[in-house]
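The values are calculated or read from the model by the stated rules, or taken from the named source; none is laboratory data. This one's a predicted model, so the numbers in the text were calculated from it and none came from an experiment. Quick reminder, even Gly has a Cβ in these numbers, built from the backbone with ideal geometry, and neighbours come from all protein chains shown.
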Amino acid sequence: MFSRRHPYLFFILIFTSVTSVAIIGLSLLFIRIDSPGGGVGASQEIFREIRKTSESKKIIASLGGVAASGGYYIAAGADGIVANQGTITGSIGVIMGYSNFQELLKKIGLVPVVIKSGEYKDIGSPVREMTKKEEEILRNLANQIHRQFIKAIAEGRGIEQSKVEKFADGRIFSGEEAKKLGLVDRFGNLEDAIEWAGRMGGIKGKVSAVYPPEKKFSVLKYLVNSSLREVANRFINPRLFAKYFYSPAG
């Protein structure tokens, strides 16, 4: 059983916005991705585990309606990527941000008190203005994480890093444009992707996928459906964040 042979990859796929995992035969793994992305660390962990697993199994990724930023980062680790022509993908970039409550606190008469051990310990504080030096530090951090994203795509897709850099500016692509850029291998829906995976594995007859049993309460569905709440929280949660995340709200 796949969950026993690759327990860590199985766990992180199930508890993220990868919407389904299927085992086709003994040497193939199929994943369905419908996600605008998420945390940097989580995206990198899943990508790395997919790359490690691909040493012993062929992995096909199917992109749903949206598979952008961290969602595409995950897909880039697969051996093949299938998308619809209208799939929203790409968004190869990093977004950082936080809410500043300084003016609001002044109006209600609250005075924050911060004691810190280092000059930059409270970088991204929601209760004061960001300094130019702090902005430079965070911008350098975002650029560093962005380069990691570009390197992963170049590695996973076999594209020269310099070519990836030309379109890795955060823009989104349709599945049609992504195929022209080498980010997608072929067009198709979920069933087409499963069929391709089966043929890749040498299956001659009908291709059947085996899915993990679904529980009555699905944490997976809860996480997927919480995407809108996550976007909303970005406006009311003052914490500094850095993500591989596509959001038209900015």
* Single unsatisfied condition, Val164 versus (1) modelled with pLDDT of 95 or more; (2) out of contact with any helix residue (DSSP H, G or I) (no Cβ under 8 Å at 6 or more places or on another chain); (3) farther than 30 Å from Glu119 by Cβ; (4) crowded, with 16+ Cβ neighbours inside 10 Å -> (2)
* Structure fact -> Given the conditions (1) among the hydroxyl-bearing types (Ser, Thr, Tyr); (2) closer than 23 Å to Asn189 by Cβ; (3) modelled with pLDDT of 55 or more, every one holds for Ser43 apart from (2)
* Subset of the range 158-175 (residues that are out of contact with any strand residue (DSSP E or B) (no Cβ under 8 Å at 6 or more places or on another chain) and part of a helix (DSSP H, G or I)) -> Gln161, Ser162, Lys163, Val164, Glu165, Lys166
* Structure fact -> The condition of being closer than 11 Å to Gly90 by Cα, surrounded by 15 or more Cβ atoms within 10 Å (Cβ to Cβ) and within 19 Å of the chain's Cα centre (by Cα) holds, among Ile153, Ile145, only for Ile153
* Asked: What number of residues within the range 177-194 satisfy the criterion of being loosely packed, with under 15 Cβ neighbours inside 10 Å and either in contact (Cβ under 8 Å) with a residue 60 or more places away in the chain or of a type in the set (Asp, Glu) (or both)?
  -> 4
* To do: Give the range 26-50 a look and list any residue that's surrounded by fewer than 18 Cβ atoms within 10 Å (Cβ to Cβ) and within 20 Å of Gly90 (Cβ to Cβ), or say none.
  => Gly39
* Structure fact -> When restricted to Val21, Val66, Val94, Val82, the only residue at pLDDT below 90, under 18 Å from the mean Cα position of the chain (by Cα) and crowded, with 17+ Cβ neighbours inside 10 Å is Val21
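Which of the residues spanning the range 122-142 are of a type in the set (A, V, I, L, M) and surrounded by fewer than 18 Cβ atoms within 10 Å (Cβ to Cβ)?
To start, the set of residues in the range 122-142 that are of a type in the set (A, V, I, L, M) comprises 123, 127, 130, 137-138, 141-142.
Val127, Met130, Ile137, Leu141, Ala142, listed by residue number.
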